[in-house]
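As structure tokens, the structure follows; a few thoughts come after it.
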Amino acid sequence: MEQSSAIRLENVTKTFGSVVANKDICLDIKRGEILSLLGENGSGKTTLMNMLSGIYFPDSGKIYAYGQEVSIRSPKDAFDLHIGMIHQHFKLVDIFTAAENVILGNSNDKKENLRTATARIREICDKYGFDVDPNQKVYNMSVSQKQTLEIVKVLYHGAEVLILDEPTAVLTLQETEKLFKVLRNMKEAGKAIVIITHKLNEVLDISDRVSILRHGEYIGTVNTKDATDLSLTEMMVGKKVSLDIARPVVEKKKPLLEIRDLTIRNDEGNVAIDNVNFYIRGGEILGVAGIAGCGQKELCEAIAGLRKIENGKMIHQGEDISAMSPKQITEKGISMSFIPEDRLGMGLAPSLSITDNMLLKTYSEGKSPFVDRKRGRNEAEKIIEDLDVVTPSTETPVRRLSGGNVQKVLLGREIKSGPNVIITAYPVRGLDINSSYLIYDILNQQKQNDVGILFIGEDLDVMLSLCDKIMVLCHGKVMGIVNAENTSKEELGLMMTGAINLMEARTTDEKKPGIAKDSNIKEGNHE
């Protein structure tokens with residue numbers, strides 16, 4: 001039976017000044033299907049969906065909803081057409097309950113009855129398989145619960161078309177599988193679902209069709225059953241791309257950075273890292289896996305000297321850096337680089353040019369009171385050439401660059417300082433496949449130069465291919481440190497949720513397959 005069209009776009013175009021974000025896009029979204037929207041960074045995926053959700057208005061072209069031509073000039077227009085978008089950054093009020101968030105902004109003349117709303121929310125949860133407590137405060141919810149609430153919210157208001165932007169970016173494997181089960185239930189109920197994602201394995205798993213954009217233009221739509229990760233990648237980038245992540249074998253070196261009995265508190269005063277022990281060798285990539293908020297951010301900031309530690313030691317080649325600021329660490333001649341997940345907030349100054357961002361770490365050097373911009377410009381030119389940064393010039397503010405190019409600038413600046421330890425958090429989050437693989441290659445080059453790398457990531461497939469060992473955190477505790485070659489996504493996912501604790505298992509079974517022998521290093525215990 002042929003599925004009917006829910007939304008149809010005809011020759012939709014959107015420009016921002018001289019930049020053409022979408023050009024003559026034609027797209028058909030059908031009822032009872034899951035459509036994946038793929039494309040490199042800057043290909044126009046989110047812009048296109050923002051026009052359906054009323055955030056942008058097209059410059060030209062037509063939009064049809066349920067067979068009728070419509071004009072979507074605001075989110076309210078989209079709301080009235082039963083179109084709901086779940087953004088990557090949630091739109092929830094933390095101090096409100098789930099039910100209060102759902103009815104927030106209701107335009108009914110009569111005040112919404114909270115008891116009636118709660119009953120309706122439970123009805124929706126039972127129908128589709130959601131797990132939401134209407135009376136739970138948002139600030140007590142996990143990331144996956146918040147995302148679930150966002151979906152319930154749009155369904156409560158009658159959404160027939162749901163658009164999800166990077167829905168699995170911060171979910172564990174088990175949470176992703178749970179979400180996909182719910183999405184399939186919604187598809188069976190006749191909903192039209194669009195997923196914007198970069199994860200090809202999830203595209204092949206969940207979607208019925210895949211539409212590809214490239215440089216703002218529509219390339220085509222294929223049935224998922226006829227697609228492979230290689231064919232989809234070729235459509236996205238316009239050429240054949242190898243999807244193999246190398247893991248070069250490097251001779252084991254002595255530990256460069258040792259973490260002993262480390263305890264750290266977060267901004268709210270709660271324990272974020274609880275008595276953690278590990279070390280990083282030269283020529284080794286140690287991955288850190290865990291649900292968002294389990295202490296990865298605090299761990300990175302503490303090692304970089306940006307967060308005070310409560311207990312424990314951090315030893316860099318015999319030097320205790322536990323109480324040192326970033327400036328003191330540098331003055332000691334210790335060479336470490338920190339690549340934070342917040343590229344434009346913590347990593348770079350968005351309003352400054354590439355040249356000036358190159359100088360941020362070294363502007364105080366030299367005897368002259370004037371900044372040597374010539375040196376900074378030369379460094380910027382070299383990074384642009386070596387990493388293929390797409391930019392009009394070295395004087396372009398970094399906020400005008402795409403996410404992939406911003407990350408290249410940040411990574412290039414940190415690597416040029418010649419570190420022997422690199423701390424990097426989510427270095428490919430939100431990047432397209434081409435940019436992601438370039439970052440992996442850069443990290444592997446550093447590994448072969450005997451640099452020790454702490455890699456915090458969210459894609460378990462990538463971590464299993466790229467990292468030598470993987471440390472799993474759950475609520476700030478180490479559940480285990482495993483050899484990447486001898487473990488699985490399922491085992492990592494269970495450790496991330498606390499269902500498996502290999503650190504406790506070691507006391508009874510030292511020979512459990514996959515457990516790294518150095519998983520709970522103490523002083524003087526080097527392999």
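Of the GluC sites (Glu not before Pro) in region 1-61, which ones lie in a loop per DSSP and count no more than 12 other C-beta atoms within 10 Å?
Numbers: sites: GLU2, GLU10, GLU33, GLU40; in loops: GLU2, GLU40.
Qualifying residues, ordered by number: GLU2.
Note the angle between two axes, namely the Cα long axis of helix 433-448 and the longest principal axis of the Cα atoms of the chain, as a number of degrees from 0 to 90, rounded to the nearest 10.
Taking Cα atoms only, the helix is inclined about 10 degrees.
Of the beta bridges DSSP finds with both residues in region 5-237, what % are antiparallel, to the nearest 5? Provide the component values of the computation, followed by the final result.
Working: 23 of 43 bridges.
So the antiparallel bridges in region 5-237 amount to around 55 percent.
Ignoring everything except DSSP H segments at least 4 long, calculate the 222 nm mean residue ellipticity for the chain; use -39,500 (n - 2.57) per segment, divide by total residues, nearest 500.
When only DSSP H runs of four or more count, the value is -9000 deg cm²/dmol.
Each label point is 7 Å from the Cα along the Cα-to-Cβ direction; what then is the distance between the points at TYR66 and LEU360, in nm?
Result for the modelled spin labels: 4.9 nm.
Could you rank the peptides 263-271, 287-295 by their average count of other C-beta atoms within 10 Å per residue, with the highest value first?
Numbers: 263-271: 13.2, 287-295: 22.7.
For the peptides 263-271, 287-295, the packing ranking is 287-295, 263-271.
Between rounded, prolate and oblate, where does region 130-275 land on the alpha carbon gyration tensor, with a ≥ b ≥ c its root eigenvalues, rounded for a/c under 1.5, else prolate if a/b exceeds b/c? Please report the intermediate quantities before stating the final value.
Numbers: a/c = 2.72, a/b = 1.13, b/c = 2.42.
In terms of gyration-tensor shape, oblate.
Once both axes come from the Cα atoms, what is the angle between helix 143-156 and the longest principal axis of the chain, in degrees from 0 to 90, rounded to 10?
Between the helix axis and the principal axis of the chain, the angle is about 10 degrees.
Once both axes come from the Cα atoms, what is the angle between helix 373-386 and the longest principal axis of the chain, in degrees from 0 to 90, rounded to 10?
70 degrees
Considering only Cα-Cα distances, which of the following residue pairs are longer than 30 Å: LYS146/LYS199; LYS91/LYS181; LYS308/LYS374; LYS239/LYS469; LYS332/LYS374; LYS308/LYS489? Don't skip to the end; give the middle numbers.
Working: LYS146/LYS199 21 Å; LYS91/LYS181 23 Å; LYS308/LYS374 36 Å; LYS239/LYS469 33 Å; LYS332/LYS374 27 Å; LYS308/LYS489 33 Å.
Table pairs above 30 Å Cα-Cα are LYS308/LYS374; LYS239/LYS469; LYS308/LYS489.
Using Cα-Cα distances under 8 Å and only pairs 6 or more residues apart, what relative contact order does the chain have, in percent?
Values: 1038 pairs, mean separation 77.9, N = 527.
It rounds to 15 percent for the chain.
Could you put TYR56, TYR426, TYR66 in order, starting from the residue whose Cβ has the fewest other Cβ atoms within 10 Å? Could you put the intermediate results ahead of the total?
Values: TYR56 19, TYR426 24, TYR66 15.
Listing TYR56, TYR426, TYR66 from fewest to most nearby Cβ atoms yields TYR66, TYR56, TYR426.
Laboratory data are not the source of any read-out in this text; all were calculated from the coordinates shown. This one's a predicted model, so the numbers in the text were calculated from it and none came from an experiment. Quick reminder, even Gly has a Cβ in these numbers, built from the backbone with ideal geometry, and neighbours come from all protein chains shown.
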